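Notes follow the structure.
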Amino acid sequence: MPRWTNLKVLGLTRRPTCTEDNGTSDERSRMSEWSEILCVERRSDMDTTTTVRNGIDVDQLVGTIDAIKDDPNVGLFTFRASSSWEEGTHSKGTIQDFRHAGVEDMTRATPFMLDGDEPPILLGANKGPNAVELLLQALGFCYAVGYVANAAARGIEISRMDYEIEGDIDVHQFLGLEGPRAGFTEIRAKGTVSSPNATKEQLVELCQYVQDTSPVRDSLAHPIPITTTLEVV
């Protein structure tokens, strides 16, 4: 089961709370369950003003939350990944379209391409990370987006957010030998965060919230049904 072992907090010099520009009254009322809204960065475009923190459009975030409250189907996604074997332990992966609220999303003009391989000790040629390393990376990506987005909603500015994630695995079963479970026996994640306007307590509490709501961590920590089929051609 994934376990968060450490959160290192840097640069906790707190700025005075902004009293002149801390979001619209509608935004504050919709976010009443979050911490008080602190200083925000404003980006103006002609007659419109957008609240942006940590590169996150907070107005769009709030609008998305409201849309899901109004229609739960808006929160439903089906994501996909495909892979094609090349040679040896090397495969190429493709990620592009996904389904949102029952409709295909075609906004990605070109696919994301990935290489997966094994190190020489596992008969590979290091043409890419192996599958379990990509799994660890997925957890880091998920933690990061959850942290900065929720920080933005709470009025917390993030100037640095790093993760180091490692996992222990025994390849006995993978190689057809008697041994413990085939997957990770433990995963350890360490975050390092820096914020100019939040307390250490706020940042640590947010770290726990992100763990509790992370889709990747939830997928790793709890059993989910997996259906595998094979077409012989």
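The values are calculated or read from the model by the stated rules, or taken from the named source; none is laboratory data. Source: prediction; values computed, not measured. Here Cβ is always computed from backbone atoms with ideal geometry, including for glycine, and neighbour counts include all displayed protein chains.
The table below gives the values:
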read-out: Matching residues in the stretch 63-74 - criterion: being out of contact with any Ser or Thr (no Cβ under 9 Å at 6 or more places or on another chain) and either in a helix (DSSP H, G or I) or of a type in the set (A, V, I, L, M) (or both); value: GLY63, THR64, ILE65, ASP66, ALA67, ILE68, LYS69, ASP70, PRO72, ASN73
read-out: Residue in the stretch 149-171 that is modelled with pLDDT of 95 or more, in a loop (DSSP other than H, G, I, E, B) and farther than 20 Å from GLU205 by Cβ present; value: yes
read-out: Residue list for the stretch 149-182, filter: within 15 Å of the chain's Cα centre (by Cα), farther than 25 Å from GLN60 by Cβ and not β-branched (Val, Ile, Thr); value: ASP162, GLU164
read-out: Wholly within the stretch 76-122, strands (runs of 3 or more DSSP E) carrying at least 2 residues that are over 22 Å from the mean Cα position of the chain (by Cα) and of a type in the set (Asp, Glu); value: 82-87
read-out: Which listed residue, of PRO180, PRO129, is closer than 24 Å to TRP85 by Cβ, touching a helix residue (DSSP H, G or I) at 6+ places or on another chain (Cβ under 8 Å) and not in a helix (DSSP H, G or I); value: PRO129
read-out: Residues satisfying the stated conditions in the stretch 149-173, i.e. surrounded by fewer than 18 Cβ atoms within 10 Å (Cβ to Cβ) and among the acidic types (Asp, Glu); value: ASP162, GLU164, GLU166, ASP168, ASP170
read-out: Which numbered condition SER219 misses (of (1) part of a strand (DSSP E or B); (2) within 20 Å of GLU133 (Cβ to Cβ)); value: (1)
read-out: Leading residue by the ranking (farthest from the chain's Cα centre (by Cα)) among those in the stretch 183-203 that are part of a strand (DSSP E or B) and within 30 Å of VAL52 (Cα to Cα); value: SER194
read-out: Residue list for the stretch 68-88, restricted to those being in contact with a helix residue (DSSP H, G or I) (Cβ under 8 Å, 6 or more places away or on another chain) and among the β-branched types (Val, Ile, Thr); value: ILE68, VAL74
